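Working notes for the structure below.
All of the numbers you see were taken from the coordinates with simple rules; none came from a lab. Predicted, not measured: the structure shown is a model, and the values here were computed from it. Using ideal geometry, Cβ is built from the backbone for each residue, glycine included, and neighbour counts are taken over all protein chains shown.
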Amino acid sequence: MKKLKLLVLAVLPIPAFFFSLVIGQFDIPPLTVYEIFFTKLFNPLISSPWPPAYEVVVWNIRLPRVLLALLVGASLSVSGTALQGLFRNPLVSPYILGLSWGANFGVALSLLIPLPFSPQFMAFSFGLLAVFLAYSIAKVRGETPVISLVLAGVIVSAFFTALQYIAKFFLDPQALQGLVYWMMGGFYLAHWDDVMVTCIPIIFSVVMLSLMSWRINVLSMGDAEAKMMGLNTELNKVVIIVLATVMAAVAVSVVGTIGWVGLIIPHLVRMAVGPDHRKLIPLSATVGAAFLLVADDLARSITTYELPVGILTTLSGVPFFVYLLKKTKGRSWS
């Protein structure tokens, strides 16, 4: 039974992928969708018997969106899982060190001042800058205590929040509307370039964190215990934070701030398989990918217009944590 549970969690993205390909405002028969997909995948030179518009919708609109949702869901979930283990705190998310607020300010700055850089590049750069500042503030005598990192993250988040409000004050209404919509998160502008940009850093970071999962297990016991076991705590903290931050920053720079995924999924997977990060990391990737993909399906199908997916993930996260708190009486982490 336990192996069956692990298998189900591991393969969740597969049915979610094929289900999501047929979801959309443009009505295409499901069998035609799958025929287009497999023909383009294995025999792209064959002449198409279906209308050209079908192929454009399936291959150039739906497929990159589905793949991007899978990548972003995996990145946010794994980032949250790794940082929760490192910080030994169930309320830690990928944005704990100020990444989201730094990214938001980067986009606001790009809209306010004509710069030779894209909003995506500015979001990525300022997201990394925020985390670097938090780590630098927390570092004392060559060490970075977990509590200091959390407090530094609060400081940096407040700083970039203030800068973002200043930028918003001077933005024209149209640019301000675009910024607010971007901050809600969504895949409405997904295309193949986004998939190419995100796939390598996200897949690399997920693989590396999976290989380091036993180290996260050791670090989650505390710095003193990790040092007694011969682990270089400072070096491993830096590597884990960098990997978790890079893939979350890449995701945020492309699709905006999508909240709660890095909080919900680690808890769900931990409840299902236990606290061992050797299982938590890879299964968080698969469950997170499937979760965000289904959330995006709902965002683009429950109404005649598309909702920002970040709204749905937040709406689903709030009652989940209320239920978790009531059921476990605050003891879910233990």
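Can you compute the FRET efficiency between MET1 and PHE42 using 1/(1 + (r/R0)^6), with r the Cβ-Cβ distance and R0 = 41 Å? Round to the nearest 0.05. Don't jump to the answer; show the numbers that get you there.
Values: r = 36 Å, r/R0 = 0.89.
So the FRET efficiency works out to roughly 0.65.
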For this session: Indicate the gyration tensor shape class of the stretch 54-204 (rounded, prolate or oblate), computed on the Cα atoms with a ≥ b ≥ c the square roots of the eigenvalues: a/c under 1.5 is rounded; otherwise a/b larger than b/c is prolate and the rest oblate.
Result: oblate
Exercise. About the Cα centre of the chain, what is the dipole size in debye to 20, counting +1 per Lys and Arg Cβ and -1 per Asp and Glu Cβ, all else neutral?
Worked result: 1260
Exercise. Of ILE241, TYR165, ILE302, which is farthest along the charge dipole of the chain in the positive direction, counting Lys and Arg as +1 and Asp and Glu as -1 at C-beta?
Worked result: ILE241
Exercise. In whole Å and largest first, what semi-axes does the C-alpha gyration tensor of the chain yield when each eigenvalue is scaled by 5 and square-rooted?
Worked result: 33, 26, 18
Problem set entry | Fewest-first sequence of LEU76, LEU21 by Cβ atoms within 10 Å of each Cβ | LEU21, LEU76
Problem set entry | Fraction in percent of alpha-carbon pairs per bin - 10 Å, the stretch 191-279 | 15, 40, 34, 10, 1
Exercise. Suppose every K and R has +1 on its Cβ and every D and E has -1 on its Cβ; what is the size of the dipole of the stretch 189-320 about the Cα centre, in Debye to the nearest 20?
Worked result: 380
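Shape of the stretch 144-246 from its Cα gyration tensor (a ≥ b ≥ c, root eigenvalues): rounded if a/c is under 1.5, otherwise prolate when a/b > b/c, or oblate?
Details: a/c = 4.33, a/b = 1.61, b/c = 2.68.
In terms of gyration-tensor shape, oblate.
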Problem set entry | With Cα atoms, 0 to 90° folded angle of helix 119-138 axis to the chain main axis | 10
For this session: For the stretch 219-225, take each phi angle, set θ = phi - 60°, evaluate the Karplus expression 6.51 cos²θ - 1.76 cosθ + 1.60, and give the result in whole Hz per residue in order, putting x for glycine and proline.
Result: 5, 5, 7, x, 5, 4, 5
For this session: Can you find, among LEU111, SER100, ALA152, the residue farthest towards the positive end of the dipole of the stretch 55-187? Put +1 on the C-beta of Lys and Arg, -1 on that of Asp and Glu.
Result: ALA152
For this session: Rounded, prolate or oblate: pick one for the stretch 36-135, where a ≥ b ≥ c are the square roots of the eigenvalues of its C-alpha gyration tensor, a/c under 1.5 means rounded, and failing that, prolate if a/b is larger than b/c, else oblate.
Result: oblate
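Using Cβ contacts closer than 10 Å as the measure, can you line up ARG270, ARG88 from fewest to most?
Ordered by Cβ neighbours within 10 Å, fewest first: ARG88, ARG270.
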For this session: Please find, in a Gaussian network model of the chain (springs between Cα atoms separated by less than 10 Å), the residue of GLN25, GLN84, GLN120 whose mean-square fluctuation is greatest.
Result: GLN25
For this session: Output the relative contact order of the stretch 29-328, whole-number percent, from Cα pairs under 8 angstrom with separation of 6+ residues.
Result: 29
Exercise. What ranking, highest mean first, results for peptides 108-115, 284-291 when packing means the other Cβ atoms within 10 Å averaged over each residue?
Worked result: 284-291, 108-115
Seminar exercise, completed: Within the stretch 181-196, the residues whose backbone N lies under 18 Å from a label point placed 7 Å from the Cα of ASN60 along the Cα-to-Cβ direction are 188-196
Problem set entry | Length added when fully stretched, TRP214-ILE311, from 0.36 nm per residue minus Cα-Cα | 31.5 nm
Seminar exercise, completed: Quick note on PHE187, PHE204, ordering by fewest other C-beta atoms within 10 Å, gives PHE204, PHE187
Exercise. Between the helical axis of 99-112 and the dominant principal axis of the chain, each derived from Cα atoms, what acute angle in degrees is found, rounded to the nearest 10?
Worked result: 60
For this session: With everything on Cα atoms, drop me the angle between helix 277-299 and the longest principal axis of the chain, reported from 0 to 90° to the nearest 10.
Result: 40
For this session: Order these peptides, 211-224, 93-106, by their mean beta-carbon neighbour count within 10 angstrom, highest first.
Result: 93-106, 211-224
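Taking the highest mean first, how do the peptides 253-264, 147-158 order by number of other beta carbon atoms within 10 angstrom per residue?
253-264, 147-158
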